[in-house]
Amino acid sequence: MKIGFVLPCYNEFENIFILINQIKKIFDRHLIIVIDDSSTNEIKHKIVKYKNVKYFKRKKKSGRGSAVICGMRKILKEKNINYVVEMDTDLSSHPKELPKNIKFFKKEKLDLLIMSRYLKGSKIINWPLRRRAFSFLSNKLAYFLLRVKVSDYTMGYRIYSKNAVKHVVDNCGKIGSGFIVLSEILAELNYANFKIKDTKTTFINREKGSSTVNIKLIYESLVGIFKIYLNINSKKS
């Protein structure tokens with residue numbers, strides 16, 4: 001079994017190599033795709049020494065969502081990838097959860113498994129109250145409008161089937177290019193009757209580097225939820 005990883009990256013030089021080493025300790029058979037929108041070439045110069053890592057540097061910051069779809073498009077060209085994992089590179093999640101979750105993914109014959117911060121048994125560590133409140137309310141709004149039966153629409157730690165990845169590449173990225181793509185992917189896969197579930201996780205607020213979330217992204221995400229709602233309903237009518 002070979003696992004494909006899509007790692008969107010923006011100025012995460014302090015964190016990304018820690019994550020790559022964590023993945024390599026857990027998985028012998030893997031391929032890591034790094035899509036880097038960083039403002040410097042620090043990562044590019046160091047990453048060349050790593051095996052089973054394919055690195056792509058984009059000319060400018062083009063959004064986390066578009067980076068994930070770009071990485072998925074690259075990974076579809078690779079052979080013998082059984083499952084695709086999407087992860088943030090800020091060390092908010094740990095790949096040690098994956099062996100157990102991949103077993104669950106296989107057993108349930110899923111197309112998408114979301115590691116949810118809001119299930120019973122999940123933990124959120126050192127996240128500022130303001131960010132936690134915004135995330136919680138955004139997820140409540142997304143559930144109210146989109147009605148996908150999961151508890152976390154905005155978590156970027158996910159496992160996909162190869163068929164789900166193909167569908168995402170062909171159908172997503174039309175609403176926006178940032179974090180809103182996470183909710184768009186969820187709504188599109190649900191509409192197309194892919195099998196989706198969530199499971200508990202531990203989320204740890206970053207210790208190094210700075211978050212890219214700002215007022216503009218928050219506004220775009222809120223507007224984007226309504227755009228997704230209108231887009232899905234237009235397909236139903």
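The values are calculated or read from the model by the stated rules, or taken from the named source; none is laboratory data. Here the structure is a predicted model, which is why all the values come from computation and not from measurement. For neighbour counting, all protein chains shown are included, and Cβ atoms are generated from backbone atoms with ideal geometry for every residue, glycine included.
Taking TYR153, is it outside any helix (DSSP H, G or I) and not basic (Lys, Arg)?
yes
Suppose the filter is of a type outside the set (Asp, Glu), in contact (Cβ under 8 Å) with a residue 40 or more places away in the chain, in a loop (DSSP other than H, G, I, E, B) and within 28 Å of GLU78 (Cβ to Cβ); does GLY176 pass it?
Judged against the criteria, GLY176 is a match.
Out of (1) hydroxyl-bearing (Ser, Thr, Tyr); (2) closer than 22 Å to GLY178 by Cα; (3) not in a strand (DSSP E or B), the odd one out for TYR55 is which?
Among (1) hydroxyl-bearing (Ser, Thr, Tyr); (2) closer than 22 Å to GLY178 by Cα; (3) not in a strand (DSSP E or B), the lone unmet condition for TYR55 is (3).
Under 8 Å between Cβ atoms, which residue pairs at least 6 apart in sequence (or on different chains) link something in the stretch 106-117 that is on the phi > 0 side of the Ramachandran plot and modelled with pLDDT of 95 or more with a partner that is crowded, with 24+ Cβ neighbours inside 10 Å and of a type in the set (Asp, Glu)?
none
Condition first: in contact with a Lys or Arg (Cβ under 9 Å, 6 or more places away or on another chain) and among the hydroxyl-bearing types (Ser, Thr, Tyr). Now tell me which residues in the stretch 67-114 satisfy that.
TYR83, SER92
Which members of the stretch 68-120 meet the condition of being part of a loop (DSSP other than H, G, I, E, B), touching a strand residue (DSSP E or B) at 6+ places or on another chain (Cβ under 6 Å) and among the polar types (S, T, N, Q)?
Within the stretch 68-120, THR89, SER92 meet the criteria.
Residues ASN163, ASN193: which one is part of a loop (DSSP other than H, G, I, E, B) and surrounded by fewer than 16 Cβ atoms within 10 Å (Cβ to Cβ)?
Answer to the check: ASN193.
Of all residues in the stretch 70-84, which are buried (at least 23 other Cβ atoms within 10 Å of the Cβ) and either closer than 22 Å to ASN205 by Cα or β-branched (Val, Ile, Thr) (or both)?
Matches in the stretch 70-84: VAL84 only.
Return the residue satisfying two criteria in turn: it lies in the stretch 122-148 and is of a type outside the set (Ser, Thr, Tyr) and touching a helix residue (DSSP H, G or I) at 6+ places or on another chain (Cβ under 7 Å), and of such residues it is farthest from LYS227 (Cα to Cα).
ILE124
Restricting the search to the stretch 127-154, which residues are among the polar types (S, T, N, Q) and either at pLDDT below 95 or in contact with a Gly (Cβ under 7 Å, 6 or more places away or on another chain) (or both)?
Residues satisfying the conditions are SER135, SER138, ASN139, THR154.
Regarding the stretch 14-26, can at least one residue be identified that is assigned to a loop (DSSP other than H, G, I, E, B) and out of contact with any Lys or Arg (no Cβ under 9 Å at 6 or more places or on another chain)?
No, the stretch 14-26 has no match at all.
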